[in-house]
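The structure appears below as structure tokens.
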Amino acid sequence: MKKYLFICIGLLSATMLFAQAKKPTLMVVPSDIWCNQNGYVQIIDNQGVKQTIPDYEQALQNDMDLKLAIAKINDLMADRGFPLKDLEAQIKLIRQQNAEQNLVTSKNGNEMAETPVDRLLRTAKADIVIDLSWDVREQGPKRTLTYIMEGKDAYTGKSIGGANGASQPSFSADIAVLLEEAVVANIDNFNNRLQSYFDDLFQNGREVALDIRVFQDNEAGIDLESEFDGDELIEIIDAWLAENTVEGRFSKLGSSEYYASYEQVRIPLYNAKGVAMDTEAWARQLRNVLRKEPYNIPVKVMNRGLGKTILVLGEK
């Protein structure tokens, strides 16, 4: 009897843990290819470099099919328990913040090299972005929709997995109906891949990047070779990373007295209070250490989208 009781308790506990398992937060966006094909792009000057990026705001304002398509994928994902960030709502939030963010510069007048897409990802803080493309072909009075969905890590841009398919020829002119018919057959396998990827992040940490820079001739009079109690500043930063990454995982690409670059930095998904951790929040912990005794170093925090933060030492 006790044996069966323990088995029941074990099964109940496993069920409760499974029910409480966290799911990744998703955001559905039109793919770059779809935006290019439909003319929804903008060219920006990012510190002298011309970049062509998708113009999501113009697309949402002018293409009802896009709104219907995103709404349908959002519904299908929500029905399966995935938290969602709505693209249009995030764009409206950014519009409200835009005036302030466009004025963010260093005291030396350097602009933040962050594209509107970077800013969107940083604001939304979704775990996974789903790039959506579709095309409708007409065969007489009937229409067939083909689609491609690709899941990408919002922090690194790495592809997680994709799904594609086609609807049956239909007299329906409703994009949402055709899309649902085409997507439903493959969506659960697609979601399983997204969940497996997120579970790996939960266990092994989220991959981000960190750059350390030093203002030359800064007011603090320091560089990465400055010593504190016999240790160079770069050694102190390396030691902090080893203690504050998941299993001490990070790759140091190189360093000099004024620069250090780290990639494949694995940070926890959540802090000790269970609050989701992004690159900026994690990097600010290092900033807080460096600006206190015995270092007393002014540190400026600069974002490069959701998955990369730059700490500039010596001035703010």
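Taking the 1.4 Å solvent-accessible surface of the chain as the whole, the part contributed by carbon and sulfur is 49%.
The orientation-averaged shadow of the Cα convex hull for the range 219-316, equal to a quarter of the hull surface, comes to 6.5 nm². Which whole-number percentage describes the relative contact order of the range 179-316, with Cα contacts under 8 Å and a sequence gap of 6 or more? Here the relative contact order equals 29 percent. The residues of the range 188-316 expose on average 48 square angstrom of accessible surface per residue, using a 1.4 Å probe on protein heavy atoms. Of the residues Lys152, Lys22, Lys85, the one that moves most in a GNM of the chain with alpha-carbon contacts below 10 Å is Lys22. Amide H to amide H distances under 5 Å link Thr25 with Asp127, Ile128, where only residues 5 or more positions off or on other chains count and H is placed in the peptide plane. Remark: for residue pairs Lys152/Lys308; Lys50/Lys92; Lys22/Lys273, the C-alpha separation exceeds 21 Å in Lys50/Lys92. Scoring 235-241, 302-308, 140-146 by mean Cβ neighbours within 10 Å over their residues and listing the highest first yields 302-308, 235-241, 140-146. Given a Förster radius of 30 Å and the C-beta distance between Gln61 and Ala276 as r, what FRET efficiency does 1/(1 + (r/R0)^6) yield to the nearest 0.05? So, using R0 = 30 Å, E works out to roughly 0.50. Taking Arg137, Arg249, Arg287 and ordering them by how much accessible surface each has at a 1.4 Å probe, largest first, produces Arg137, Arg249, Arg287.
The alpha carbons of the chain occupy a box of 76, 71, 31 Å along the principal axes, longest dimension given first. Put a dot 7 Å past each Cα toward the Cβ at Gln96 and Lys158; how far apart are the dots in nm? Simple spin-label model gives 3.5 nm for this pair. For Lys158, the aspartates and glutamates whose Cα comes closer than 18 Å to its Cα, not counting residues fewer than 8 places off in the same chain, are Asp32, Asp118, Asp127, Asp131, Glu150, Asp199, Asp200, Glu207, Glu263, Asp278. Taking the centroid of alpha carbons for each part, the range 135-163 and the range 237-272 are 36 Å apart. When Rg and Dmax are taken over the Cα atoms of the range 112-225, they come to 21.4, 75 Å.
Take the Cβ atoms of Gln264 and Glu138, set R0 to 35 Å, and the FRET efficiency comes out at 0.15.
Counting 0.36 nm for each residue step from Lys316 to Ser251 and taking away their Cα separation leaves a gain of 20.7 nm.
The values are calculated or read from the model by the stated rules, or taken from the named source; none is laboratory data. The structure presented is a predicted model; accordingly, all values stated were derived computationally and were not measured. All Cβ positions, even for glycine, are placed from backbone atoms using ideal geometry, and neighbour counts span all protein chains on display. Remember, those area values only see protein heavy atoms, side chains included, never the ligands or the DNA or RNA. Shrake-Rupley method; radii C 1.70, N 1.55, O 1.52, S 1.80 Å.
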